[in-house]
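K.L.:
Structure incoming, see below.
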Amino acid sequence: MKRCKHIGIFIVAALLCCACGMSKVKDISLTSVGIAYILPTSTRSMDAKLLLGIDNPAMSFAVQDITGTVRYQDKPIAHFTTGSIELQGKTEQVYELPCTIVLDEGASILDVLVIAAKRSLDGLKADVNIQAAIRKNGVLRAPFKYKDLEISQFTK
């Protein structure tokens, strides 16, 4: 009976630790965004490596899939997909994230060059879908969706 009591206390303590770690997930913040490189792979696509500064006060977890759309003045310009990264818990660091970018069917390389010539990120917005996996006693998958993110807010 004593053994069952200790096991029960251990399980409750483990659940509380997980809940405390999960409650801090909402405090994770993107502190900076940069581009290490962009390599054109065709006239409609390119590979890139993003540099993401992330402050993660929560536990370690994996981000398995990030997809999204970049819009300029509400017109879709490009769609992107990324690889996976492991976010270290209770740290603030910069992560390298490879991604593939494909121009939207209604956009051309000329549209991208016109936007780039303005040397301003104003008017660029992104919709982002993130699939996260938290590995604590199994795998918990959690989708996160963000709409209308102002890209310029991450560079100021």
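Read the figures in this text as sums done on the coordinates, not as results from a lab. All of these numbers come straight from a predicted model, not from anything done at the bench. Neighbour counts are summed over all protein chains in view; Cβ atoms, including those assigned to glycine, are modelled from backbone coordinates with ideal geometry.
K.L.:
Taking R0 as 41 Å, what FRET efficiency do you get between Ser108 and Asp55 from their Cβ-Cβ distance, rounded to the nearest 0.05?
P.N.:
On the way: r = 37 Å, r/R0 = 0.91.
Calculated value: 0.65.
K.L.:
Treat every Asp and Glu Cβ in the range 60-135 as -1 and every Lys and Arg Cβ as +1, leave all other atoms uncharged, and give the resulting dipole magnitude about the Cα centre to the nearest 20 debye. Write out the running numbers ahead of the final one.
P.N.:
Working: 7 positive and 10 negative charges, 33 e Å.
Using Cβ point charges on Lys, Arg, Asp and Glu, the range 60-135 gives about 160 debye.
K.L.:
Give the calculated FRET efficiency between Ala117 and Ser32 to the nearest 0.05, with a Förster radius of 22 Å applied to their Cβ-Cβ distance. Walk me through the intermediate numbers first.
P.N.:
Values: r = 24 Å, r/R0 = 1.09.
Once the sixth-power term is evaluated, E becomes 0.35.
K.L.:
Do the alpha carbons of any pairs in Lys49/Lys147; Lys125/Lys145; Lys75/Lys125 sit beyond 18 Å of each other, and which pairs? Intermediate values should be presented prior to the final figure.
P.N.:
Values: Lys49/Lys147 22 Å; Lys125/Lys145 14 Å; Lys75/Lys125 10 Å.
Lys49/Lys147, as the Cα separations exceed 18 Å there.
K.L.:
I need the calculated FRET efficiency for the pair Lys147 and Ser45, taking r as the beta carbon distance and R₀ as 30 Å, to the nearest 0.05. Each step should come with its number before you reach the end.
P.N.:
Numbers: r = 24 Å, r/R0 = 0.80.
Working from the Cβ atoms, E equals 0.80.
K.L.:
Any idea which of Ala132, Thr81, Ile115 is furthest toward the positive side of the dipole for the range 59-156, if Lys and Arg beta-carbons carry +1 and Asp and Glu beta-carbons -1?
P.N.:
Ala132
K.L.:
Over the range 62-137, calculate the relative contact order: mean separation of alpha carbon pairs under 8 Å at least 6 apart, over the residue count, as a percent.
P.N.:
Details: 118 pairs, mean separation 34.1, N = 76.
That works out to 45 percent.
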